[in-house]
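Take a look at the structure set out below.
Here, each number is a calculation from the coordinates, and none is a lab measurement. Owing to the predicted nature of the structure, the values given are computational and were not obtained by experimental measurement. Here the Cβ positions follow ideal geometry from the backbone for every residue, glycine too, while neighbour counts run over all protein chains shown.
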Amino acid sequence: MRQFKAKILTNKKIAHEHYVLFFETPVFKEAVRPGQFFNIKINDSFEPFLRRPFGAYRIHGKKHGILYKVVGRTTEILSTKKKADILDILGPLGNGFDIKPFADYSPLSAVLVAGGHGVAPLAALAGKLRSRKVKVAVFIGSRSKKHVVCDKELGKLGAKVYIATDDGSKGYKGLVTDLLNRELSLMRRPLKTRIYACGPKPMLKATAKVAKKHNILCQVSLEEYMACGIGTCLGCAVQTRSGYKMVCKDGPVFDAEEIVW
Amino acid sequence: MVADYGTREMLKVKIGRLKLKNPVILASGTCGFGEETKGFFDLNNLGAIVTKTITPDRREGNPPPRIAEAPAGLLNSIGLDNDGLGDFMSKKIPFLKRLKVPIIVSIAADNTDGFVKMAEELSAAACVGAIEINLSCPNVIHRGTKFSLLAQDKKSTEKIILKLRKTTHKTLIAKLSPSVTDIKEIAKAVVSGGADAISLINTYPGMLVNINTRKPKLGNTSGGLSGPAIKPLALKCVFDVYNAVGIPVIGTGGITNAADAIEFILCGAGAVQIGTANFINPRAPIEILDGITKYLKGKKIKSVKHLTGKLKI
């Protein structure tokens with residue numbers, strides 16, 4: 001984990017409310033793991049006052065990217081940032097997804113379940129898994145067609161992409177977790193499958209339920225209001241079977257079974 | 001940065017019997033137990049570290065969300081989430097005692113016996129330089145008083161400090177709440193109880209609401225406000241207390257840079273604590289120390305002690 005000033009390389013609108021921002025980074029001792037995040041101070045002002053956490057979306061040696069949706073004042077300001085503007089970044093932080101089992105067994109498959117812009121860290125994960133020849137299926141849930149992001153790039157990686165939208169303007173009409181349940185019931189499951197999910201908490205809770213029903217191990221990446229990002233403020237608490245844990249330091253990735261939903 | 005002799009002498013301050021190599025202290029609850037922040041700079045360059053508040057027994061803390069962003073500030077209701085005194089003695093002390101910086105242990109309890117028990121055990125730990133008595137956390141309820149905060153109850157505050165004074169020879173620092181009618185009255189009670197110094201201020205009780213869900217933004221409904229938003233309020237408390245009592249005042253509340261720290265010193269602070277700023281910039285304390293040093297040199301002030309309370313009115 002480092003604190004560094006990062007020069008913005010690009011900051012492009014890629015969809016209705018979504019942006020991808022690339023910034024320069026030092027070369028980290030260990031490569032950033034999918035699921036890890038950066039805690040970013042977007043300006044020197046007291047507005048916004050705190051840093052904001054963003055999951056790693058693109059991981060290269062001296063260049064990393066985040067994918068964000070404009071949801072409030074901070075991301076609105078971030079969307080106006082230009083090339084060569086400077087961000088103050090803490091990172092990489094957190095544990096990242098556990099993909100160890102895939103190093104030992106093959107062929108295997110992974111099922112990735114994304115809600116909204118929760119697809120960002122999963123896209124990084126998909127890239128890593130595909131480079132290890134792991135079969136990947138991705139379920140993306142969104143409000144409507146214009147809110148679906150990363151589907152094409154995931155397709156290009158060789159992942160099988162399933163889409164669910166609230167209004168049915170693209171793919172399945174309804175909840176992504178219902179689509180997941182339907183497809184898992186149809187799939188002939190390989191020996192070792194894992195589910196990795198990232199998105200809003202109700203969606204993660206539903207994913208955990210589906211995973212349990214199909215007896216598949218499931219990891220979820222959680223979001224919680226956060227200040228320091230390094231485990232000192234104890235702000236981002238999540239209730240687990242062994243008491244409160246911190247999303248920033250103990251997570252953001254947890255075994256779904258561990259969480260008290 | 002290795003400072004020369006003159007610089008080292010210039011920065012020295014004393015709080016009670018505790019000698020500090022400079023007046024910059026990490027505030028309780030913003031640096032864990034030191035280990036969490038050690039990667040950003042050498043902790044030994046600081047004046048002191050105040051630990052996260054410990055309680056006699058383990059405390060779960062409050063339900064999430066525990067924090068919310070406020071205008072130029074942070075609202076929190078962590079609720080003294082900590083693993084208790086036993087864990088502190090066995091698991092945190094081993095790291096802390098290797099540091100060459102005074103350790104101030106922040107303590108809280110919901111009754112007097114709890115406070116006394118902790119002071120007894122901490123007295124035996126050589127690396128503990130001082131005890132900061134947290135009488136003012138807005139996120140916990142004390143049994144020894146009818147008030148919502150212990151630090152609002154003059155009599156209980158004095159009684160607890162009297163007991164602690166009889167229990168330990170360690171430097172005792174009382175951390176007070178700004179949420180009182182007259183902070184000078186509480187400060188005087190602390191002095192007659194026998195405290196060596198006063199930390200001002202803890203967070204202001206506050207709340208925020210999400211208008212779409214109509215729910216409070218904090219899981220515990222309300223919490224404590226910190227950060228630049230409370231700086232002018234904190235300065236006033238430090239100024240008032242400095243002029244009312246004869247013991248050192250440690251100023252804290254929204255300090256994010258050296259200028260802020262110097263304002264506190266001018267209003268009467270003998271040392272300053274950096275709190276919420278650590279969450280935004282973990283290197284803030286060391287940058288503030290550098291800034292204070294430059295200011296003193298630039299103004300040809302021989303010692304930071306000569307600056308305390310030197311407000312021109």
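Using the alpha-carbon centroid of each, what span in Å lies between segment A:203-261 and segment B:1-64?
Cα centres, segment A:203-261 to segment B:1-64: 31 Å.
I need the phi-derived Karplus couplings for segment A:112-128: 6.51 cos²θ - 1.76 cosθ + 1.60, θ = phi - 60°, integer Hz, Gly and Pro marked x.
Each residue of segment A:112-128 in turn: 9, 10, 10, x, x, 6, x, 5, 4, x, 6, 5, 5, 5, 4, x, 5 Hz.
For segment A:2-93, what is the relative contact order in percent, using Cα pairs closer than 8 Å and at least 6 residues apart in sequence?
Values: 188 pairs, mean separation 38.8, N = 92.
Relative contact order of segment A:2-93: 42 percent.
If I fit a long axis through the Cα atoms of helix A:201-213 and take the longest principal axis of the Cα atoms of chain A, what angle between them do I get, 0 to 90°, rounded to 10?
30
Please give, to one decimal in nm, the separation of the simple spin-label points placed at A:ARG182 and A:GLU76, each 7 Å out from Cα toward the Cβ.
3.8
Expressed as a rounded percentage, what relative contact order does segment B:45-137 have, with Cα pairs under 8 Å and six or more residues apart? Before the final figure, lay out each step's value.
Details: 140 pairs, mean separation 32.4, N = 93.
Computed value for segment B:45-137: 35 percent relative contact order.
For A:232-245, what's the mean count of beta carbons from other chains sitting within 10 Å of each residue's beta carbon?
Numbers: counts 14, 15, 13, 12, 4, 12, 1, 3, 0, 0, 0, 5, 8, 0.
Whole-number average of other-chain Cβ neighbours for A:232-245 is 6.
Which of these, B:ALA261, B:ALA126, B:ALA70, has the largest mean-square fluctuation under a Gaussian network model of chain B (Cα springs below 10 Å)?
In this elastic network of chain B, the residue with the biggest mean-square fluctuation among B:ALA261, B:ALA126, B:ALA70 is B:ALA126.
If we count every other residue with Cβ under 11 angstrom of A:VAL71's Cβ, Lys/Arg +1 and Asp/Glu -1, where does the sum land? Can you show the working numbers first?
Numbers: positive: A:ARG52, A:LYS69, A:ARG73; negative: A:GLU17, A:GLU76.
Around A:VAL71, the surrounding residues sum to +1.
Would you mind checking B:LYS92/B:LYS170; A:LYS156/A:LYS192; A:LYS69/A:LYS152; B:LYS38/B:LYS294; B:LYS38/B:LYS310 for any pair whose Cα atoms are more than 27 angstrom apart?
B:LYS38/B:LYS310
Cα atoms only, chain A: Rg and Dmax in Å?
Rg then Dmax for chain A, in Å: 17.6, 54.
Rounded to whole Å, give me the distance from the Cα center of segment A:19-84 to that of segment B:235-266.
Cα centroid to Cα centroid, the span is 36 Å.
Among DSSP bridges having both ends in segment A:2-93, what percentage is antiparallel? Round to the nearest 5. Walk me through the numbers before you get to the answer.
Values: 29 of 30 bridges.
Antiparallel bridges make up about 95 percent of those DSSP assigns within segment A:2-93.
Looking only at segment A:1-160, where both bridge partners belong to it, what percent of the DSSP beta bridges are antiparallel (to the nearest 5)? Before the final figure, lay out each step's value.
On the way: 29 of 38 bridges.
Percentage antiparallel, nearest 5: 75.
For chain A, what is the relative contact order in percent, using Cα pairs closer than 8 Å and at least 6 residues apart in sequence?
18
Please compute the net charge surrounding A:PHE38, taking Lys and Arg as +1 and Asp and Glu as -1 over other residues with Cβ under 12 Å from its Cβ.
Numbers: positive: A:ARG2, A:LYS41, A:ARG51, A:ARG52, A:ARG58; negative: A:ASP88.
Local charge sum for A:PHE38: +4.
In the structure shown, do any of A:LYS245/B:LYS155; A:LYS170/A:LYS209; A:LYS29/A:LYS205; B:LYS21/B:LYS166; B:LYS91/B:LYS175 have a Cα-Cα gap over 32 Å, and if so which?
A:LYS245/B:LYS155; A:LYS29/A:LYS205
What shape does segment B:179-283 take by its C-alpha gyration tensor, where a ≥ b ≥ c are the square roots of the eigenvalues and a/c under 1.5 counts as rounded, a/b above b/c as prolate, and the rest as oblate? If you can, show how the numbers build up before the last one.
Values: a/c = 2.62, a/b = 1.53, b/c = 1.71.
Oblate shape, in that a/c is at least 1.5 and b/c is the bigger or equal ratio.
Restricting attention to segment B:25-116, which trypsin sites (Lys or Arg not before Pro) occupy a DSSP loop and are surrounded by at most 11 other Cβ atoms within 10 Å? Spell out each step's value before the answer.
On the way: sites: B:LYS38, B:LYS52, B:ARG58, B:ARG59, B:ARG66, B:LYS91, B:LYS92, B:LYS97, B:ARG98, B:LYS100; in loops: B:LYS38, B:LYS52, B:ARG58, B:ARG66, B:LYS97, B:ARG98, B:LYS100.
The qualifying sites are B:ARG98, B:LYS100.
With a/c under 1.5 counting as rounded, go ahead and sort chain B into rounded, prolate or oblate using the C-alpha gyration tensor (a ≥ b ≥ c being the square roots of the eigenvalues; past the cut-off, prolate if a/b is larger than b/c, else oblate). Provide the component values of the computation, followed by the final result.
Numbers: a/c = 1.32, a/b = 1.21, b/c = 1.09.
Since a/c stays below 1.5, the shape of chain B is classed as rounded.
Taking Cβ-Cβ under 4.7 Å as the only way to count a partner, pick out the unpartnered cysteines of chain A.
Cys with no partner Cβ under 4.7 Å: A:CYS150, A:CYS198, A:CYS218, A:CYS236, A:CYS248.
Which percent, to the nearest 5, of DSSP beta bridges fully inside the protein assembly as shown are antiparallel?
Numbers: 53 of 108 bridges.
Taking every DSSP beta bridge within the protein assembly as shown, about 50 percent pair in antiparallel fashion.
Are there trypsin sites (Lys or Arg not before Pro) in segment B:195-259 that DSSP puts in a loop and that have at most 15 other Cβ atoms within 10 Å, and which ones? Numbers along the way, then the final one.
Values: sites: B:ARG214, B:LYS217, B:LYS236; in loops: B:ARG214, B:LYS217.
Sparse-neighbourhood loop trypsin sites (Lys or Arg not before Pro): B:ARG214.
Cut-off under 14 Å on the C-alpha distance; same-chain residues fewer than 8 positions from B:LYS19 excluded. Which aspartates and glutamates are left, in chain and number order?
B:GLU9, B:ASP196
What is the Cα convex hull volume of the protein assembly as shown when expressed per residue in Å³? Let's see the in-between values first.
Details: hull volume 91.2 nm³, N = 574.
In the protein assembly as shown, the Cα convex hull volume per residue is 159 Å³.
Given H placed on each backbone N at 1.01 Å, which residues far from B:LEU135 in sequence or on other chains put an amide H within less than 5 Å of it?
Correct list: B:LYS175.
At 222 nm, what value in deg cm²/dmol follows for the protein assembly as shown if DSSP H runs of at least 4 each add -39500 (n - 2.57) and the sum is divided by all its residues, to the nearest 500? Working shown, then result.
Values: 16 runs with 146 residues, N = 574.
The helix contribution divided over the protein assembly as shown gives -7000 deg cm²/dmol.
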